[in-house]
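Asker: Have a look at this one.
The values are calculated or read from the model by the stated rules, or taken from the named source; none is laboratory data. Nothing here was measured: the structure is a model prediction, and the numbers come from that model. Cβ atoms come from the backbone with ideal geometry, glycine included; neighbour counts cover every protein chain shown.
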Amino acid sequence: MPVPSGSVARNPAEASRIAADLGVPVVVKALVPASRRGKAGGVLFAEEPQEAGRRAEHLLGRDLLGHQVRAVLVEERVGALQELFFSVAFDGKARRPVILASGQGGVDVESHVQQGGMRCLVSSVLSGPNANDLKVLWHSEGVLPSLLDETVAVSLKAWEVFRRYDLLLLEANPILVTRTGRVIVAAAIMQADEEALYRQPRLQPLVDRGADRRLGPLTERERLVAEADRADPYRGAAKFIELRGGDTAFLVSGGGGSLTCYDLLRRFGARPANYMDLSPGFSREKLAALTQAALTVPGVRGALVGGAIKSNMAVDLFIEVLIEVMNELGLDPERFPVVARVAGVGEARALALAAGVPGLEAYGRDTSLEDACRRLADRLFPRT
Amino acid sequence: MLIDGSTRVLIQGITGRLAQSEMRRMLEYGTKVVAGVVPGRRGAEVAGVPVYDTVGEAVDCHAPDASCLYVPAPAIREAATEAIDAGIRLLMIPTERVPLHDICEILERAGEAGAKVLGPNSQGMVVPGRARLGGAGGDFAFEVFRPGPVGVISRSGGMGVEICHLLTKAGIGQSTYVSIGSEILQGLSFADLLVMFEEDGATEVTVLFGEIGTSYEEDAAEVITSRRITKPVVVYVAGQYMEELPSGLRFGHSGAIIEGNRGKPSTKMEAFRAGGALVASTPEEIPTLVNEALFRRLPRAD
């Protein structure tokens, strides 16, 4: 796609040099993987090279939108007749990619969206948007007739990038329409699909995996689980997110069961210190990594294990690994309350294993999730 | 609904570990599994079920109505396209971690062909006492499910089974249970199935298990509010306390995420309440609310 000329600087001197080489007024942009950089003060203008250096100095090392600025982009400042907004993302209701476009792009596009001022085009994922539909769309958004072909070409290019790189979102904003008849993409946001990274070698080194969450860099325990997960990508998916201020290790798997147990624990006054997920077919190593991580989050004083009735994963392994890891960590279930609700495949063995460990309370499918969560809360906060 | 005891089922990827254990469960439940497909394994048999190289061959010999695709994520687009092109009109996709572009392609092809898709990340479906696609209920299916008047739709496989078990323990049976998955893009949705349950003679009340994230619950609430359906709906939306956490966190399922103001359980529950659905505050409340709804529908004795 056509972009302004410029390059990346990692220190102020480099920024000045790039500005001097360009020989024109420049824009200095903080390189962080987040949208709304302009609004957050991450995009600054400079008339001459020294000023570009000062702008870079101001931005480098700063914390912006949850990321540390390690580099800036110094590029030519392009005067625009019009700023356009163009995005492609999937829509759950249409079950198709949907293009949003506006002739009033730029930093204030958000308010424009809320006022319903966006054009919407539902596309076929197989054949892509129709060039003529795009032409009509841009025409109605005020793009000059002489520049329509060029604008459509850039839009189709953006679509191609969306498809080729398996993106969840491609947002080009602003696309600048210049006095000299050029159409230039001045900024863009891409959101990668982690599940498609295996076939996207160019994106692999750029994406922080396991970070589909906006809490800054991974903690040590989160990294441990992410590594175990990556080591064996097709034997179940293990995910682990640490939560602040929790008191309960949350060893509950199964998306909906976990959400429900989280709600129930909170309802009864306990607070999970992590969130996790583990999908069927998982390896013992992944479960061990998750168990170890959950039990070692600072502030944890008890654990909930298991979840809703399992139809296609064995729950006895949860208890087996739990006992092993608790032994390794020197945790005594009589002083560190553990309640397991292990229902479904492997239930009988899970209950038998737990019966051999004093203080490890385990229940099967005839005890509801609600009763199990209430029991743990009662043990964590005994009424005096 | 969708399947019954006469539905002929194909299993793609029949030699895989999960496929074999789930096929055993389908057979135990009386489901007609007629053939399997694994490229290069033509002529083999798995538990007495013949294996073919292509879906086309299996269709020629056995005329299956539905296919369960036990196929790894990188191969699911090809496998689903093959099934759709061969004329199969119900696809159950249990696979997780499917690239979103591939899901979208599958759904577009299915839509053009008039085929229905369950999933991805579906645990299948059960018509109690008749048939099941997939292994929902594991080895306890006869204990967990029981025939009756309640349709159950769940974004979560585990909680769907849990809810059917709660209903059964309370003496309430199910007409059809469907696990729809919880992805950003999916085939049959709450809204689609609510309309199907409305037309299903065996169903009197529908239970939905919803979750944080996506707009599927809001779309379903819209179906109720607009009076496109008249049968009562009971819902539980999980993740109510997730709203206290920073937005942008993804909870297990790919669609389980609050982005900006979108996806909040409180908004979903409000939309359901406004439409007249009965909203449970815990799963254990569901059977009570279902009984209330069933009682209201009882014909008056004049």
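Asker: Looking only at residues that are more than 16 Å from B:GLU270 (Cβ to Cβ) and away from chain A (no Cβ under 11 Å) in the stretch B:200-217, which one is surrounded by the fewest Cβ atoms within 10 Å (Cβ to Cβ)?
Answerer: Going through the qualifying residues, I end up with B:GLY201.
Asker: If I filter the stretch A:147-160 for residues that are within 14 Å of another protein chain (Cβ to nearest Cβ), in a helix (DSSP H, G or I), at pLDDT 95 or above and closer than 15 Å to A:VAL88 by Cα, do I get at least one hit?
Answerer: Taking every residue of the stretch A:147-160 in turn, at least one turns out to be within 14 Å of another protein chain (Cβ to nearest Cβ), in a helix (DSSP H, G or I), at pLDDT 95 or above and closer than 15 Å to A:VAL88 by Cα.
Asker: Tell me, which helices (runs of 4 or more DSSP H) lie completely within the stretch B:95-185 with 3 or more residues that are within 23 Å of A:ALA237 (Cα to Cα) and in contact with a Cys (Cβ under 9 Å, 6 or more places away or on another chain)? Walk me through it before giving the result.
Answerer: Values: elements: B:100-113, B:141-144, B:157-169.
Filter on the stretch B:95-185 gives an empty set.
Asker: So in the stretch A:81-105, with the set limited to residues that are crowded, with 19+ Cβ neighbours inside 10 Å and among the hydrophobic types (A, V, I, L, M, F, W, C), which one is nearest to the chain's Cα centre (by Cα)?
Answerer: A:PHE90
Asker: Just to check your reading of the model, which residue among A:VAL300, A:VAL345 is under 19 Å from A:ARG235 (Cβ atoms), surrounded by fewer than 24 Cβ atoms within 10 Å (Cβ to Cβ) and β-branched (Val, Ile, Thr)? Reasoning before the result, please.
Answerer: On the way: A:VAL300 fails: under 19 Å from A:ARG235 (Cβ atoms).
None of the other options fit; the residue is A:VAL345.
Asker: With respect to the numbered conditions (1) modelled with pLDDT under 95; (2) more than 35 Å from the chain's Cα centre (by Cα); (3) surrounded by 14 or more Cβ atoms within 10 Å (Cβ to Cβ), which one is the sole condition not fulfilled by A:GLU334?
Answerer: Looking at each condition in turn, A:GLU334 falls short on (3).
Asker: Among residues belonging to the stretch A:45-60 that are in contact (Cβ under 8 Å) with a residue 40 or more places away in the chain and of a type in the set (D, E, K, R), point out the one that is farthest from A:VAL32 (Cα to Cα).
Answerer: Across the stretch A:45-60, the extreme among qualifying residues is A:ARG54.
Asker: Would you check if there is a residue in the stretch B:165-172 being at pLDDT below 95 and farther than 24 Å from A:GLU194 by Cβ? Break it down stepwise before answering.
Answerer: At the first step, the residues of the stretch B:165-172 found to be at pLDDT below 95 are none.
No, that holds for no residue.
Asker: Here is a further query. For the subset of the stretch A:238-278 comprising residues that are surrounded by fewer than 21 Cβ atoms within 10 Å (Cβ to Cβ) and within 21 Å of the chain's Cα centre (by Cα), which member is farthest from the other protein chains (Cβ to nearest Cβ)?
Answerer: Applying the filter and picking the extreme gives A:ARG244.
Asker: So A:PHE381 clears everything in (1) away from chain B (no Cβ under 14 Å); (2) at pLDDT 95 or above except one condition, right? Which one?
Answerer: It is condition (2) that A:PHE381 fails.
Asker: Which ones in the stretch B:126-149 are more than 12 Å from every other protein chain (Cβ to nearest Cβ), touching a Phe, Trp or Tyr at 6+ places or on another chain (Cβ under 9 Å) and under 16 Å from B:LEU193 (Cβ atoms)?
Answerer: Here is the first cut: in the stretch B:126-149, the ones more than 12 Å from every other protein chain (Cβ to nearest Cβ) are B:127-131, B:133, B:142, B:146-149.
Within this subset, residues satisfying the condition of being touching a Phe, Trp or Tyr at 6+ places or on another chain (Cβ under 9 Å) are B:127-131, B:142.
Residue satisfying the conditions is B:VAL127 alone.
Asker: If the requirement is being modelled with pLDDT under 85, in contact with a helix residue (DSSP H, G or I) (Cβ under 9 Å, 6 or more places away or on another chain) and small (Gly, Ala, Ser), which of these qualifies: B:GLY255, B:GLY239, B:GLY276? So that I can check it myself, show each step before the final result.
Answerer: Values: B:GLY239 fails: modelled with pLDDT under 85; B:GLY276 fails: modelled with pLDDT under 85.
Within the list B:GLY255, B:GLY239, B:GLY276, the selection yields B:GLY255.
Asker: Mind checking which residues of the stretch B:258-269 are at pLDDT below 85 and either surrounded by fewer than 18 Cβ atoms within 10 Å (Cβ to Cβ) or facing chain A (nearest Cβ under 8 Å) (or both)?
Answerer: B:GLU259, B:GLY260, B:ASN261, B:ARG262
Asker: Sticking with this one: I want to confirm something. Restricting to the stretch B:83-94 and keeping residues that are more than 14 Å from the chain's Cα centre (by Cα) and touching a residue at least 40 places away in the same chain (Cβ under 8 Å), which single residue is nearest to A:GLY281 (Cα to Cα)?
Answerer: Only one residue tops the list, namely B:ALA83.
Asker: Identify all residues within the stretch B:43-82 that are within 17 Å of B:CYS104 (Cα to Cα) and among the small types (Gly, Ala, Ser); write none if there are none.
Answerer: B:ALA73, B:ALA75, B:ALA79, B:ALA80 - these are the residues of the stretch B:43-82 that are within 17 Å of B:CYS104 (Cα to Cα) and among the small types (Gly, Ala, Ser).
Asker: Inside the stretch A:156-190, can you point out the residues that are of a type in the set (Ser, Thr, Tyr) and either under 13 Å from A:VAL3 (Cα atoms) or in contact with a Ser or Thr (Cβ under 6 Å, 6 or more places away or on another chain) (or both)?
Answerer: A:THR178
Asker: Going residue by residue through the stretch B:72-87, is there one that turns out to be within 19 Å of B:GLY119 (Cα to Cα) and outside any helix (DSSP H, G or I)? So that I can check it myself, show each step before the final result.
Answerer: So the first thing to find is which residues in the stretch B:72-87 are within 19 Å of B:GLY119 (Cα to Cα), and the list is B:72-85, B:87.
With the extra rule that they be outside any helix (DSSP H, G or I), the set shrinks to B:72, B:87.
The answer is yes; a qualifying residue exists.
Asker: Shifting gears a bit: Which condition breaks for B:PHE272 when tested against (1) in a helix (DSSP H, G or I); (2) aromatic (Phe, Trp, Tyr); (3) within 30 Å of B:ARG146 (Cα to Cα); (4) at the interface with another protein chain (Cβ under 9 Å from one of its Cβ atoms)?
Answerer: (4)
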